[in-house]
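Participant: What follows is a single structure, and I will ask about it in a moment.
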Amino acid sequence: MLRTEERAWAQKSRSKWILEGDQNTGYFHYVASNRRRANSILALTNNGVVITKPSEIRDGVFSYFSEAYNTCTALEVNELDLGFKQLSQGQRDDLEKNFTAEEVWEAIATMKGDRAPGPDGFTMEFFKTFWPSIKPTVMEFFEDF
């Protein structure tokens, strides 16, 4: 159980200290907790209104970036008439298909587990170890992708 706790702290702290033999000390937990607090968004101002509920912060960020990235500000390739090959309708349809659980697991399983964590703070080892438990949540993310 202590080893599981150390893994969780290693994930959260984005540190190689555990892998390099640093002990599970109070200082270690202090650094990890401070990093988590520093990376948290506790409030956000949206259109002059301060938002503090996590769900509203998430929705506000999503809304902001959806608007920012859903406007077409670049030229389309076909407008330039450069003679690029184009995908067939079938190929375009294939690119729009949802990922299957098998495809996601295959991608996770082939990655090295002890590399630097992603922006969420978790290494691939976390995903491999807890896949049966987190699979529904991960697949929900990919369905929204």
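The values are calculated or read from the model by the stated rules, or taken from the named source; none is laboratory data. Keep in mind the model is a prediction, meaning the values are calculated, not measured. All Cβ positions, even for glycine, are placed from backbone atoms using ideal geometry, and neighbour counts span all protein chains on display.
Participant: Among the residues of region 126-145, write down those that are within 14 Å of the chain's Cα centre (by Cα) and closer than 19 Å to Glu5 by Cα.
Facilitator: Answer for region 126-145, where residues must be within 14 Å of the chain's Cα centre (by Cα) and closer than 19 Å to Glu5 by Cα: Phe126, Phe127, Ile134.
Participant: One residue is enough: does region 81-103 have a residue meeting the conditions part of a helix (DSSP H, G or I), out of contact with any Ser or Thr (no Cβ under 6 Å at 6 or more places or on another chain), under 25 Å from Glu5 (Cβ atoms) and without any contact (Cβ under 8 Å) to a residue 40 or more places away in the chain?
Facilitator: no
Participant: Specify the residue that is surrounded by the fewest Cβ atoms within 10 Å (Cβ to Cβ); the eligible residues are those in region 112-125 that are more than 13 Å from the chain's Cα centre (by Cα) and under 17 Å from Ala8 (Cα atoms).
Facilitator: Taking region 112-125 and keeping what is more than 13 Å from the chain's Cα centre (by Cα), we get 112-116, 125.
Applying the additional criterion that residues be under 17 Å from Ala8 (Cα atoms) yields 113-116, 125.
Working: Gly113: 13, Asp114: 10, Arg115: 10, Ala116: 7, Glu125: 17.
Looking at the filtered set, the residue picked out is Ala116.
Participant: Same structure, new question: Give the residue that is farthest from Asp120 (Cα to Cα), with candidates limited to residues of region 32-46 that are under 17 Å from the mean Cα position of the chain (by Cα) and outside any helix (DSSP H, G or I).
Facilitator: Ile41
Participant: Out of the residues in region 47-74 meeting the condition of being of a type in the set (Val, Ile, Thr) and either in the same structural domain as Asp144 (by TED's automatic domain parsing) or assigned to a loop (DSSP other than H, G, I, E, B) (or both), tell me which one is modelled with the lowest pLDDT.
Facilitator: We begin by selecting, within region 47-74, every residue of a type in the set (Val, Ile, Thr); these are 49-52, 57, 61, 71, 73.
Still in the running and either in the same structural domain as Asp144 (by TED's automatic domain parsing) or assigned to a loop (DSSP other than H, G, I, E, B) (or both): 52, 71, 73.
Values: Thr52: 89, Thr71: 70, Thr73: 65.
Of everything passing the filter in region 47-74, Thr73 is modelled with the lowest pLDDT.
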